[in-house]
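First comes the structure, then the notes that go with it.
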Amino acid sequence: MFNFDLHIHSCLSPCGDLESSPMAIVRRAKRMGLHGVMVADHNSSRNSPAVAEACQRAGLQALFGMELMTAEEVHCLVIFDTVEQAAAMTEIVYAALPKRVNQPEVFGYQDVLNADDEVEEQEWRMLSAPTRLTIHEAGEHAHALNGMFVAAHLDRAVFSVTSQLGTLAGDEGFDAVELSGHAEMELWRSRCLGLPVLRNSDAHYLDDIGSAYNSAPLAEFSVVALKAALTAGQVRHVLGSRFAS
């Protein structure tokens, strides 16, 4: 079985721990028995090149993307096979962000690193802001780049489809939904409208990586293989002690 966590924040996220560098994330993921990861920073994939190199050095596999905030202030995961696809999505997102300069002492630092954990620059855009992209537009862009579109932490009381819009309509274009480790599956299953479910850590700190993850018989770690496993009902969820009742 292939174990993977698709929602990990690095130090590029303004709410992420500054200790969460690409190499530190990879080391922690390996210790937790993960075989694949995706760093999903807010509205940016600029740490993806460093993550890709860190994963290659450590023998870990990776997908690439981000946690995008739509105009409705809904968080969505966009998932791609390559750094280049994620970078193209980042350019679309940046064009849809307000042209406001981040104030790190107020909203958090946004470190862009290389694979040796050296800070190359501070991202000046305010990554904590919503974009002008609607849910439908975000999904269309993700799919045009051959990516996957996921409703993030559907059960959360903030920045989710349910918190902002009340419920899924079914026409948003999502390929799957994500439930947090706190969600009771039986209570939420009917609210997912039959969409397949992922459960990830949404780690903002190194110790949280792999606290919730997915396991599936993947021949390769790719968007196509992931979609196929979800459609076939082959993805199971593993929750750690952090989410014990």
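Only the coordinates and a few stated rules stand behind these numbers; no lab work does. The shown structure was predicted, so the numbers you read here are calculated from the model rather than taken from an experiment. Note that each Cβ is placed from the backbone with ideal geometry, even for glycine, and that neighbours are counted across all protein chains shown.
Before moving on, here are some points about what is shown:
- Karplus-derived HN-Hα couplings along segment 10-19 (A = 6.51, B = -1.76, C = 1.60, θ = phi - 60°), whole Hz, x at Gly and Pro: 9, 5, 6, 5, x, 9, x, 5, 5, 7
- Span from the segment 134-195 Cα centroid across to the segment 84-104 one, whole angstrom: 22 Å
- Helical mean residue ellipticity (222 nm; -39500 (n - 2.57) per DSSP H run of 4+; nearest 500) of the chain: -7500 deg cm²/dmol
- Förster radius 35 Å - calculated FRET efficiency between GLU105 and GLN234, Cβ distance, rounded to 0.05: 0.15
- Residues whose amide H falls under 5 Å from that of GLN110, counting only those 5 or more places apart or on a different chain, are GLU123, with hydrogens built in the peptide plane.
- Taking amide H as placed 1.01 Å from N in the peptide plane, ASP117 has its amide H under 5 Å from the amide H of MET23, each at least 5 places away in sequence or on another chain.
- Cut-off under 5 Å, modelled amide H: who pairs with GLU67 long-range: ASP41, HIS42, ASN43, SER44
- Note, ³J(HN,Hα) from phi for segment 36-49, Karplus 6.51, -1.76, 1.60, rounded to Hz, x at Gly and Pro: x, 9, 9, 7, 10, 6, 5, 6, 6, 10, 5, 8, 4, x
- In this simple spin-label model, placing a label point 7 Å from the Cα along the Cα-to-Cβ direction at both GLU73 and ARG189 gives a separation of 3.3 nm.
- Segment 151-158 - phi-based ³J(HN,Hα) in whole Hz, Karplus 6.51/-1.76/1.60, Gly and Pro as x: 6, 6, 5, 4, 8, 6, 7, 9
- Here the residues VAL101, VAL37, VAL119, ranked from fewest to most Cβ neighbours within 10 Å of their Cβ, fall in the order VAL101, VAL119, VAL37.
- Residue order for MET1, MET89, MET126, fewest other beta carbons within 10 angstrom first, comes to MET1, MET126, MET89.
- Projection of the Cα convex hull of segment 2-243, averaged over all directions and equal to a quarter of that hull's surface, yields 11.6 nm².
- Fewest-first sequence of ARG100, ARG27 by Cβ atoms within 10 Å of each Cβ: ARG100, ARG27
- Computed Kirkwood radius, in angstrom, where 1/r is averaged over Cα pairs of segment 173-241: 12.8 Å
- Segment 206-245-segment 14-69 distance, computed between alpha-carbon centres (Å): 16 Å
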